[in-house]
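Working notes for the structure below.
The values are calculated or read from the model by the stated rules, or taken from the named source; none is laboratory data. Being a predicted model, the structure only gives us computed values, none of them experimental. No Cβ is skipped: glycine too gets one built from the backbone with ideal geometry, and neighbour counts run over all protein chains shown.
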Amino acid sequence: MSASSAINSSIFILRGFPGLGQYYPWLSIPFSTIYAMVLLGNGLVLHVIRTEPSLHQPMFYFLAMLALTDLCMGLSTVHTVLGILWGLSQEVSLDACIAQTYFVHGLSCTESGVLLAMAFDRFTAICNPLRYTGILTNRRIIHFMVSIVMRSAVSILPVIIRLKFFHYCCPHNLSHSFCLHQDLLRLVCSDIRFNSFYALALVVCTLLLDAVLILISYVFILQTVLAIASREERLKSLQTCVSHICAVLVFYIPIIGLTMVHRFGKHLSPLVHVLMGNIYILFPPMMNPIIYSVKTEQLRRRMKKWFSSKM
């Protein structure tokens with residue numbers, strides 16, 4: 001076996017939560033609860049939307065895609081995080097780590113694209129209400145969804161594929177409880193300039209561009225709402241956007257926080273980096289079902305009906 005093959009088949013160690021090893025049994029309780037909320041909450045949203053014909057509308061199709069993305073994010077990370085907390089294993093193979101990296105970053109890109117599509121939905125509903133059904137046809141929604149998935153699946157492949165062929169320095173200690181691209185790059189002994197520049201360009205062309213387009217859509221929405229004469233109609237229009245605005249904030253604030261910690265928090269405890277990483281992957285999937293269940297009247301009503309029928 002060649003040296004390169006030996007390196008590529010080596011085992012990496014996930015650090016977990018530094019300094020809290022003796023508390024892992026206790027930490028596993030809130031983390032298990034959070035993962036259960038992620039899986040059950042998003043699964044319930046998907047089930048209610050699928051089984052209620054009245055929710056077969058563009059807004060809820062995009063919400064279903066958001067819930068599916070959040071569900072996949074939970075499933076892609078639960079095994080390593082809880083494996084550490086339950087004392088099962090802190091080891092992960094390079095191939096498994098690369099696969100997890102692909103899903104974590106790809107799903108983040110997908111969620112950003114879904115939030116942009118949902119912003120377009122709100123923009124069309126408020127700024128062009130008479131053309132809403134003509135613009136957001138089922139065929140066009142499918143095109144949007146396929147484009148979002150393809151953008152995420154294909155754009156991230158170049159940096160992910162290169163991770164397989166890098167030479168990694170020992171020790172193979174990763175600083176989180178799951179695998180991230182920037183964490184693997186920290187252990188590389190080869191030239192990483194392509195991955196660094198490409199990853200930065202990808203963030204700018206996806207997450208940052210999506211955020212700017214979402215902001216622009218809300219500028220137009222606000223202009224349209226302020227032009228409505230009736231105060232009640234203005235409030236009603238804005239209320240349809242509250243859940244989406246909350247979902248955008250819940251997604252982008254942890255990303256900004258994690259980026260700031262990685263860039264400017266070198267002096268901070270490693271535990272802070274680990275906690276920010278877990279907030280980044282767990283907070284949006286946990287909060288989105290709660291936000292939409294509380295703030296979206298149609299979904300809330302259907303969930304109440306579904307629960308009453310089961311009791």
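Taken over the stretch 92-120, the criterion of being acidic (Asp, Glu) and under 18 Å from Asn278 (Cα atoms) is satisfied by Glu111 alone. With the condition kept exactly as written, say whether any residue in the stretch 169-181 is without any contact (Cβ under 8 Å) to a residue 60 or more places away in the chain and surrounded by 17 or more Cβ atoms within 10 Å (Cβ to Cβ). No, the stretch 169-181 contains no residue that is without any contact (Cβ under 8 Å) to a residue 60 or more places away in the chain and surrounded by 17 or more Cβ atoms within 10 Å (Cβ to Cβ).
Checked against the criterion of being at negative phi, crowded, with 20+ Cβ neighbours inside 10 Å and modelled with pLDDT under 95, the candidates Ser93, Ser54, Ser76 yield just one match: Ser76.
Considering Arg151, Arg139, the condition of being over 22 Å from the mean Cα position of the chain (by Cα) and not aromatic (Phe, Trp, Tyr) is satisfied by Arg139 alone. Note on the stretch 201-253: among residues that are closer than 22 Å to Glu111 by Cα and small (Gly, Ala, Ser), the one that is surrounded by the fewest Cβ atoms within 10 Å (Cβ to Cβ) is Ala201.
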